[in-house]
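To start, the structure itself, in structure tokens.
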Amino acid sequence: MSGAQRVRRTNVADLEFRSVPESGGNKAERLVSTRKSLTKPLRNMDKSLVEEVMGLDENNGLPSSAIVEPLTPQLHSVSIPSVLRRNLSLNASCSSDASSDSFHSRASTGRIYRTNSTAVRRRQVALKSKTDVLDGISEPLPDSLQAKKRCAWVTAHTDPHYATFHDEEWGLPEHDDKRLFELLVFSGALAELSWPTILSKRHIFREVFADFDPMIVAKFSDKKITAPGSTASSLLSELKMRAIIENARQISKVIDEFGSFDKYIWSFVNYKPIISRSRYPRQIPVRTAKADVISKDLVRRGFRSVGPTVIYSFMQAAGITNDHLISCFRFQECVTAAEGKEADISINGADDKKTAELIESDICRVIDELSFASE
């Protein structure tokens, strides 16, 4: 016949015992009498177990259909392990019904259902685990730093050092030569470190580089600053350390030429910060054409590690460009600060012009007096 052969289920009672072949070549004989003797006690045992199950159902007030499936008339097909398992499951369910308040039964339908207390408890555990994971990543900002709306990249779990830097320095126009040199060093260090790491080591940087005084750093010895085991060697690579010292020397030359590094660097933007007015972080560029121009001029003068990306990071930190999002509270503060600086510069420029005119007039008067006396 075609098709798969039907396999008949067997149990302990259906096993056949075969005799060991003898030297005479006799085949195994089926012990029919043994099979018949084993079947009868098993049937009696099945009936006793079924009666016991039915008796338990009646004592607990539960219909047998709620727990035990209806038994087929073929009692010989019910194996001993299956009946025992059903009996154990019946005892477990009955004991749980008697001891737990979270289970309820309906005698009319035979259904067993659980209340929502377990689901609520699971949701509470899940929420607690999520909170623990977030707390393990970084500590939330203090309440004083969470009240104001900031740029999108400053969140509740941002490093406090970086959040403070964003709120007090980043984007604010800077005109002090020491601070400008410091921000230039930090912008170059971003190739190896992140802003939170740099700001957490800021006190070490200031100690190593004499509070970023370019005149003092320009006199540093390369061997001393890059010596193995020194504090400076643990901050940045040897290439970056040498670049910092060389940049300090070039800044000293710029100060001699322009009077200050501030006048030199701000002259590229006509002493007015560039205001981006970006709404979203994706609108903020990594480099600009103005950064390319400044980078090329610095490289021409002998500066190191001053690529366009580094220079644009420096422009952002020094307030040469205002890249705060317009929704950030610091955007308008930096704009107002820049306008105040421009007013101060214009006033100082007018005062200098008046002073120069007075000096010129005094010189002319003295010359006239000398010429008159000689006559």
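Each value in this text was obtained by applying a stated rule to the coordinates, not by laboratory testing. All values reported here derive from a predicted model rather than from experimental measurement. All Cβ positions, glycine included, derive from the backbone under ideal geometry; neighbour counts span all protein chains shown.
The order of the peptides 178-186, 163-171, 287-295 by mean Cβ neighbours within 10 Å, most packed first, is 178-186, 163-171, 287-295.
Report, in listed order, any pair from Lys201/Lys296; Lys219/Lys272; Lys148/Lys201; Lys224/Lys263; Lys224/Lys296; Lys178/Lys253 with a Cα-Cα distance greater than 22 Å. The pairs that break the limit, which is 22 Å between Cα atoms, are Lys201/Lys296; Lys219/Lys272; Lys148/Lys201; Lys224/Lys263; Lys224/Lys296.
Between Lys272 and Ile326, what's the calculated FRET efficiency when r is the beta-carbon distance and R0 is 30 Å? Round to 0.05.
Once the sixth-power term is evaluated, E becomes 0.95.
Can you compute the label reach from Arg300? Point 7 Å from Cα along the Cβ direction, backbone N cut-off under 19 Å, restricted to the range 243-281. Under 19 Å, as judged by backbone N against the label point of Arg300, lie 247, 250-271 of the range 243-281.
For Ile274, the residues 5 or more places off, or on other chains, whose built amide H falls under 5 Å of its own are Thr321, Asn322.
Listed values for the range 293-310 are Karplus-derived 3J(HN,Hα) couplings in whole Hz (6.51 cos²θ - 1.76 cosθ + 1.60, θ = phi - 60°), namely 5, 5, 4, 5, 5, 5, 5, 4, 7, x, 6, 10, 6, 10, x, x, 5, 5, and x replaces Gly and Pro.
Scattering from the range 146-359 was approximated by placing one identical point on each alpha carbon and applying the Debye formula without solvent; log10 I(q)/I(0) at 0.08, 0.10, 0.17 1/Å stands at -0.30, -0.47, -1.26.
Taking the Cα of Phe258, stepping 7 Å toward and past its beta carbon, and measuring to each backbone N in the range 281-307: which are under 19 Å? Hits in the range 281-307 for Phe258 at 19 Å: 288-307. One decimal place: the segment Asp292-Arg249 gains 13.3 nm when fully extended, by the rule 0.36 nm per residue minus the C-alpha distance.
Taking 0.36 nm per residue of sequence separation and removing the Cα-Cα distance, the Arg179/Thr197 pair yields an extension gain of 4.6 nm.
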